[in-house]
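The values are calculated or read from the model by the stated rules, or taken from the named source; none is laboratory data. Given the structure is predicted, the values throughout are model-derived calculations rather than measurements. When we count neighbours, we look across all protein chains shown, and the Cβ atoms used for this are built from the backbone with ideal geometry, even at glycine.
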Ligand SMILES: Cc1cc2nc3c(=O)[nH]c(=O)nc-3n(C[C@H](O)[C@H](O)[C@H](O)COP(=O)(O)O)c2cc1C
């Protein structure tokens, strides 16, 4: 069973391919997280599979995203005891392996390893996304890697990361969430067309439309979905994303080109 969480489409794209290669079910954590936010009385999720559980998600601050950790720890996994992690990243996964191992320990699952695939950087409220052509090359290079990882999973082999990058002190990790994982700086410009694409996509159900404009509600995970998907680039984050290219990968592998959408 292949689970994915994805802000701007990279992890969804990889998870879709993986589930095809494994001929296994694909489960959207985005949809389930959103459902739970909208209805807090949703019962605890339980998943049953005789095949390994595979978690596909982005790397956040060299860790598994907190929302993914919370989702997993709040779910029950029945049948197979094997759990794999496949993280997409812009440069490296740092301590994500140790983090994923700890999650498996808490779930009493067998940790089958963490591996990663380099995908276009999406974190535009801090860094920059690559230009479209460069992104196409990066996305293309992911295909053989997914095939290779699928082969390992099919024979129940452990997987590992070829490069994980530097480790991060626990204090910095806590500071990152405190200082950067907030929606306080999101704002909408006058060119907003009120289409509510941002509100519909937010996996945290953190955006309400008021007078046809998005209003952030304070439980953001900085996944970049809202700022990236807007068809007219009407969302800013203070001045941090000003003039930067918005990166969003649709399920069919197309990137968003907002300028075209405007014409
Ligand atoms: C809040 C945030 C933190 C990130 N931290 C890292 C990181 O520590 N290392 C890294 O290589 N990429 C990092 N990235 C980049 C994403 O992991 C990468 O672009 C990923 O493929 C995005 O996947 P998605 O489109 O499925 O959301 C970060 C992105 C965001 C939004």
Here, strands (runs of 3 or more DSSP E) confined to region 8-59 with at least 2 residues that are more than 16 Å from residue 117 (Cα to Cα) are 26-28, 46-49
Being closer than 24 Å to residue 126 by Cβ, more than 12 Å from the ligand (Cβ to nearest atom) and either in contact (Cβ under 8 Å) with a residue 12 or more places away in the chain or under 14 Å from the mean Cα position of the chain (by Cα) (or both) narrows it down to one of 96, 46, 100, so name that one.
100
Looking at (1) modelled with pLDDT under 95; (2) in contact with a helix residue (DSSP H, G or I) (Cβ under 6 Å, 6 or more places away or on another chain), can you tell me which one residue 163 breaks?
(2)
Within the group 230, 226, which residue is more than 12 Å from the ligand (Cβ to nearest atom), modelled with pLDDT of 95 or more, surrounded by 22 or more Cβ atoms within 10 Å (Cβ to Cβ) and not assigned by TED's automatic domain parsing to the domain that holds residue 137?
230
Some residue of region 233-242 being closer than 19 Å to residue 11 by Cβ and modelled with pLDDT of 95 or more:
no
Just for helices (runs of 4 or more DSSP H) wholly inside region 151-263: which have at least 2 residues that are closer than 27 Å to residue 92 by Cβ, over 19 Å from the mean Cα position of the chain (by Cα) and free of Cβ contacts under 8 Å to residues at least 40 places away in the same chain?
170-180
Residues of region 104-121 being part of a helix (DSSP H, G or I) and either within 13 Å of the ligand (Cβ to nearest atom) or surrounded by 20 or more Cβ atoms within 10 Å (Cβ to Cβ) (or both), in sequence order, are 104
Filter region 28-43 for residues that are over 13 Å from the mean Cα position of the chain (by Cα), free of Cβ contacts under 8 Å to residues at least 60 places away in the same chain and within 16 Å of the ligand (Cβ to nearest atom) and give the result.
32
Modelled with pLDDT of 95 or more and more than 16 Å from the ligand (Cβ to nearest atom): does that describe residue 52?
yes
Flagged in region 49-79 as in contact (Cβ under 8 Å) with a residue 60 or more places away in the chain, touching a strand residue (DSSP E or B) at 6+ places or on another chain (Cβ under 8 Å) and farther than 18 Å from residue 204 by Cα, in numbering order, are 52, 54
Within region 37-46, which residues are at pLDDT below 95 and either buried (at least 16 other Cβ atoms within 10 Å of the Cβ) or out of contact with any strand residue (DSSP E or B) (no Cβ under 8 Å at 6 or more places or on another chain) (or both)?
37, 38, 39, 40, 41, 42, 43
